[in-house]
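The values are calculated or read from the model by the stated rules, or taken from the named source; none is laboratory data. In this text, all values refer to a predicted model and were calculated from it rather than measured experimentally. Because the Cβ atoms are built from the backbone with ideal geometry, glycine has one as well, and the counts that use them run over all protein chains shown.
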Amino acid sequence: MEKKKIILTGIRPTGNLHLGHYFGAVGNWVKSQEEYNEFIEIADVQALTDNFNNPDKVRKNVRELTLDLLACGIDPNKATIFIQSMIPEIAELTIYYSNLVTVARLERNPTIKTEISQKKELFGQGGESVTYGFLGYPVSQAADITALGGTLVPVGEDQLPLIEQAREIVRKFNSIYGETLKEPEHLLSSIPRLKGLDGNEKMGKSLGNAIFLVDSEDTITKKVMEAKTDPEKIHKDDPANPDICMVHYYHKLVSKDNLDTITSECKAGTRGCINCKRELAKNMINFLQPIKERRRYYEENPDKVDEILKNGTKIAKNKAEETMDKVKKAIKINYFEK
Ligand code: TRP
């Protein structure tokens, strides 16, 4: 167990998971838990950087997210799910790391830069919306990763600058205080970003183009029936271009057995969009069936979920304590040790 490489990933508890999360991230974590020592952080501290005025939302979503993760097939006997705020060593590390990063460097971080400009659009140019905590969340993320000894970090493309920032912090730390920490590497998903039902480049909660894992069969069908198809196809028997059709895009994910037929019928104009959508809705519902069943099991056993979180957090805390000991020694703040 100990010899396996450590994967560390995190996710903010701000809402239910959708298919974009599944295909872009969590589905891969389900596979990687088989061969790696995998830690999955419920990043509630990070969620609070944006939602400090909405603690109820974060609290509720810690449980919701855990249910979604278990539903997707994260196995608590193989992977460790833990709660960020329950590991004070991460906050402690963040303080020491924050000396190793300039404010200018944080402001230049492309992920932060984009998020700040989005905030400015929302709140005006004043910039009051950018807090010290928000600007510093890449530092805290570097602490998440290194506290657990994570060497591989599976992320989407938008997170790459955060991994780069973590690598810089590690290098700086090691160059000043001696070789102590391991530089993490990113692990890019094969589908880093899933398109929305409307054809938008990204499926997102706020974009209103997502299918959530908890959506009911009726909701899924309704959403699929509204998905964007080839606009040039007017009549049921017009030939169409599957490459620009969102229905076909999702068929590729959930209708693998029948994909060749679907594609050729679409191109030949022998498949109407309405039937094609019905078939997609049915396949998507089937695809989500085992996920929903596992979720139901854990919903009915909330004590098990609490147990999983408590155990996972205990394991993660032990690991973070080991890192903290090494870090204190390196910075020479281990006063009563020889
Ligand atoms: N920033 C990530 C997100 O918004 C969540 C996250 C927190 C994370 N800590 C992490 C990702 C550590 C990878 C590693 O989705």
* Asked: Do you know which residues across the range 264-291 are crowded, with 17+ Cβ neighbours inside 10 Å and free of Cβ contacts under 8 Å to residues at least 24 places away in the same chain?
  -> GLU265, ARG271
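Collect the residues in the range 27-51 that are surrounded by 20 or more Cβ atoms within 10 Å (Cβ to Cβ) and within 13 Å of the ligand (Cβ to nearest atom), keeping them in residue-number order. Please lay out each step first, then the result.
Let us first name the residues in the range 27-51 that are surrounded by 20 or more Cβ atoms within 10 Å (Cβ to Cβ), namely 29, 33, 36-48.
Residues satisfying the conditions are TRP29, GLU38, PHE39, ILE40, GLU41, ILE42, ALA43, ASP44, VAL45, GLN46, ALA47, LEU48.
Going by the structure shown, is GLY73 more than 13 Å from the ligand (Cβ to nearest atom) and in contact with a helix residue (DSSP H, G or I) (Cβ under 6 Å, 6 or more places away or on another chain)?
On the way: more than 13 Å from the ligand (Cβ to nearest atom): yes; in contact with a helix residue (DSSP H, G or I) (Cβ under 6 Å, 6 or more places away or on another chain): yes.
Spelling it out, GLY73 is indeed more than 13 Å from the ligand (Cβ to nearest atom) and in contact with a helix residue (DSSP H, G or I) (Cβ under 6 Å, 6 or more places away or on another chain).
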* Structure fact -> Screening ARG108, ARG63 for residues that are within 24 Å of GLN289 (Cα to Cα) and away from the ligand (no atom under 13 Å from the Cβ) leaves only ARG63
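Within the range 216-229, how many residues turn out to be free of Cβ contacts under 8 Å to residues at least 24 places away in the same chain and surrounded by 12 or more Cβ atoms within 10 Å (Cβ to Cβ)?
First, pick out the residues of the range 216-229 that are free of Cβ contacts under 8 Å to residues at least 24 places away in the same chain: 216, 218-219, 222.
So of that shortlist, the ones also surrounded by 12 or more Cβ atoms within 10 Å (Cβ to Cβ) come out as 219, 222.
Here the count works out to 2.
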* Asked: Just one of SER189, SER175 is within 15 Å of the ligand (Cβ to nearest atom), among the small types (Gly, Ala, Ser) and at negative phi; which is it?
  -> SER189
* To do: Could you check GLY24 against (1) buried (at least 19 other Cβ atoms within 10 Å of the Cβ); (2) away from the ligand (no atom under 13 Å from the Cβ) and say which number it fails?
  => (2)
* Taking the range 1-33 only, how many residues are under 22 Å from LYS317 (Cα atoms), at pLDDT 95 or above and assigned to a loop (DSSP other than H, G, I, E, B)? -> 3
* Tally, over the range 148-165, of residues that are more than 8 Å from the ligand (Cβ to nearest atom) and of a type in the set (A, V, I, L, M, F, W, C) -> 3
